[in-house]
Amino acid sequence: MTSDLSQKNLWRPYTQMRLAPPPLEAVATQGSRIVLADGRELVDGIASWWTAVHGYNHPHIAQAVADQLARMPHVMFGGLTHAPAERLAARLAALLPGDLDHVFFSDSGSVAVEVALKMAAQMWLNRGVSGRTKVLAFRGGYHGDTMGAMSVCDPEEGMHRRFGAYLPSQVFCDLPRSPAETAALDAALASNRETLAAVIVEPLVQGAGGMVMHPPEVLATIARLARRHGLPLIADEIFTGFGRTGSLFACEQAGIVPDILCLSKALTGGTMALAATVARTEVFEAFWSEDPAAALMHGPTFMANPLACAAANASLDLFETEPRLDQAQAIARRLMDGLAGLSGLPGVADVRVLGAIGAVQFARAPDLAALKAAFLDRGVWVRPFGDIVYLTPALTIPADDLDRLIEAVVAVVPDRAAALS
Ligand SMILES: *Cc1c(COP(=O)(O)O)cnc(C)c1O
């Protein structure tokens, strides 16, 4: 059932290793399946933390990476450039709305957020304005695990709470869903006028915070208020980017152009670690100067890794040549139909769908270990957390595999939910 690897030297993510069952050993992936060492094949409902939008092992991406590997796996980015990065930056700039044209590459989502925060803070300094060091963020948000990124995550949420003493203090608001919350956001922006450097938001869906969705009007309100108070808006599209919400980028649905936008997760189609922080021209221009010290002070060792850029370019080819957004819409319809029956059941607080994201929220946290085991028994890889069970499959998932995922959720949730009520 579980791996016979010893796990003696590995430290695992977000895991109390003394209590957690040993992890399963994966030996291969293909399409929307994960093959285990014991021969079992699981239907994957998570797409490896939302990265594998084209399914695993897409031959077009594999070929692009193999070709690049033979030519130049990596070269430093200081003082050198290369076609895979140049091409990827140009393509991202063309795909992103407005003049989001200036692409800074890094190697993980958290670092992309750190870079965005530094861009905002240094933009003010370069303009000769000091004291603007804080960020306004929203409760329920998640922006990564590094220090700066943690500081703009939900301040109460358990994952990071214990680091409070290490973190810069930020300004938190509720998402402006009601007139009162909109007024509160407006007031917070006004009263912190001297100290705020930026506003950060996950557009349309707070992912790791519990797949909490908000309508495009709420995002438009945030953009309007940030603008009114003269603050750059950072859109963290690390989860939502590349079709997950049904449009290529979530910001498009609200018709907004954020000042800085973060990408990672699905950027390489789930193949390689890569992230991008993309700025509008006005932000970029604050760094364009005769003063060397006005340069953006960041530069990861593996910045714009050619293998990762080749994978990302190949992933963008697939968005151009295959109907990914239609597939996301089709998944949305199937999720809505399939999960609708759970809504209103005892112990089920909410059922929600946006694009290729389906979430069922329990009235309170269920027994997660039992829930995970029940999904495994049904041959599906579904990872409930907190009080939710969610599906974010590959956009290419075959209909029968998607049905297997939905059937598993529909079979497993009612009893577990009833046990809570
Ligand atoms: C996953 C995620 C991050 C962090 O990305 P890592 O690559 O894990 O560092 C940041 N923001 C959002 C919205 C995410 O979903």
inquiry  = Taking only Cα atoms of the range 154-307, what ratio of Rg to Rh do you get with Rh as the Kirkwood inverse-distance radius?
reply    = 0.97
Sequence ranges 240-249, 96-105, 366-375, 161-170, ranked by mean other-Cβ count within 10 angstrom, highest first = 240-249, 96-105, 366-375, 161-170
query = Just the projected area, averaged over all directions, of the convex hull on the alpha carbon atoms of the range 60-321: how many nm²?
reply = 13.9 nm²
message = For a protection proxy built on the mean count of beta-carbon atoms within 10 angstrom, sort 251-258, 305-312, 383-390 highest first, please.
response = 305-312, 251-258, 383-390
task = Only helical DSSP H runs with n ≥ 4 go in: add -39500 (n - 2.57) per run for the chain, normalise by residue count and round the 222 nm mean residue ellipticity to 500 deg cm²/dmol.
result = -11000 deg cm²/dmol
query = How large is the accessible surface per residue of the chain, computed with a 1.4 Å probe and reported in Å² as a whole number?
reply = 44 Å²
Relative contact order (%) - the range 108-252, alpha-carbon pairs under 8 angstrom, separation at least six = 24 percent
task = Heavy atoms only, probe 1.4 Å: what % of the accessible area of the range 60-321 goes to carbon and sulfur, would you let me know?
result = 58 percent
ask   = If you average the sequence gap of Cα pairs under 8 Å that are 6 or more apart and divide by the length of the chain, what percent do you get for the contact order?
value = 22 percent
message = Sort 318-324, 30-36, 108-114 by packing, meaning the average of other beta carbons within 10 Å per residue, with the highest value first.
response = 108-114, 30-36, 318-324
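The values are calculated or read from the model by the stated rules, or taken from the named source; none is laboratory data. Quick caveat: nothing in here was measured; it's all calculated off a predicted structure. Backbone-built Cβ (ideal geometry, glycine too); neighbour counts: all protein chains shown. Side chains included, ligands, DNA and RNA excluded: accessible areas come from the protein's heavy atoms. Shrake-Rupley method; radii C 1.70, N 1.55, O 1.52, S 1.80 Å.
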